[in-house]
Structures are given as C-alpha cells and as structure tokens.
Amino acid sequence: MDKIEIASATMTERTDKSGKECTIGRFIDEKEGWKVVNAAEGWEGTIYKLIGAASQKGIAGDCSGSTYFIYKEAGFPYVYQTTSTFIDYANKTHRFREIKLAADETPQAGDVLWWSGHMAIYAPFPEGHPKQKFEVPGSKAVNDMYTAFNSRTGHPYGPFNIKKFRKDPFKVFRYYIISKDDKC
C-alpha cells in the first residue's frame, strides 16, 4: 500500500463525545473509489437546484446533496453535510481525511474535491474514455471530475475539467472506513 500523507491528525478528548474515540480503519482503495465514480455517472443530467439533502437523482440536486447520495449509493455512507460544514464533520468524525498531495500527485478516483462553497468527485477518466472529452471547442483540457453546476450555468450534473471549473486551489478528502471492532 502506498504511503498517504494526511493533512492533520487530531485526538478527541475522552470528555468530548462529538467525535469518534476510535479511528482504526482504512482509506477506500482505487477500486472502491471507482464505485463512487460509477455511482456519480448515474446522476448525469440531473438539473441544479439548491436543495441539499433533498437532492434526487434525475430530478434535481446540488453539489453537497449529490455527493452525499452518490457516496451512499456506492456503499460509503456518511451523515449529510453542506459544503460549509463538511470540513468540521470530517475533522470530528474522521469519516473523511484530508489528503495532502505532492505537486506531482493526483487525487484517487472517488475523492471529494472541496472548495469554499463547492464540492465535487474526482473522476480520472482513462485515455480514450468518452467522458474524458471536454465540451469546449478548441480546448485540450480533459474532464477529470463529476460536479453539480449552479443555476447560472444552465449545465446539469456531469463530467467537467477541474481547472476550467475553478482556478482557486481545492482540498482533497478521502473516505475512511472506520473499524467495527468491538474495542472501538
């Protein structure tokens, strides 16, 4: 298994019951990450509507609602979070861990890409994959994420290029499967 650098580690005080005391477990692997990407594909065409946990595949949804239901459908459930509460949730529950990538590294399939006010799912489509094609004529960029778009764009949920979507840096979060060991 490759060495993964997490952004930070925190200890939960025994008196603080808001977080998990036991954080023994493992990250989802690349194959499991593709389950998330494959579930995201089913949301293609879903129109944007700012409705959070009321998001519905094929009907309407936003970035946090679609991400939540996609992870749940792929078998990696968590408690619904808005983009503004997601990082605090990750830090308290350890369900997601922020991953620090070296300059030459890319996220893993299925990782959550987080910006202030937005989240998306990393989808590194392989060379020649039909979803890899970027929809802007003359652009050499390739699609590498699944995302909801806000209502100003008129685009439904679908694949897009990270750098064309937003220029500001994003954080990467990977789902962490916490052990169900009786000692935890």
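Tabulated results
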| item | result |
| --- | --- |
| Difference of contour (0.36 nm per residue) and Cα-Cα distance, Ser116 to Ile177 | 19.5 nm |
| Spin-label pair Ile24/Lys167, simplified geometry with 7 Å Cα→Cβ offset, distance in nm | 4.9 |
| Efficiency of FRET from Cβ geometry, Ala54 and Leu101, R₀ 41 Å, rounded to 0.05 | 0.80 |
| Entries in Lys133/Lys171; Lys140/Lys171; Lys92/Lys180; Lys140/Lys163 that, when Cα-Cα distance is taken, lie over 21 Å | Lys133/Lys171; Lys140/Lys171 |
| Fewest-first ranking of Trp43, Trp115, using other Cβ atoms within 10 Å as the exposure measure | Trp115, Trp43 |
| Computed lengthening from Lys31 to Val79, 0.36 nm per intervening residue step minus Cα-Cα distance | 15.0 nm |
| Exposure proxy ranking, count of Cβ atoms within 10 Å, fewest first, for Glu30, Glu98, Glu41, Glu127 | Glu127, Glu30, Glu41, Glu98 |
| Spin-label model distance (nm) - Ile47 vs Asn150, 7 Å beyond Cα toward Cβ | 1.9 |
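Values quoted throughout were computed directly from the atomic coordinates according to the rules given, and no laboratory measurement underlies them. Remember, it's a predicted structure, so these values are computed and weren't measured experimentally. No Cβ is skipped: glycine too gets one built from the backbone with ideal geometry, and neighbour counts run over all protein chains shown.
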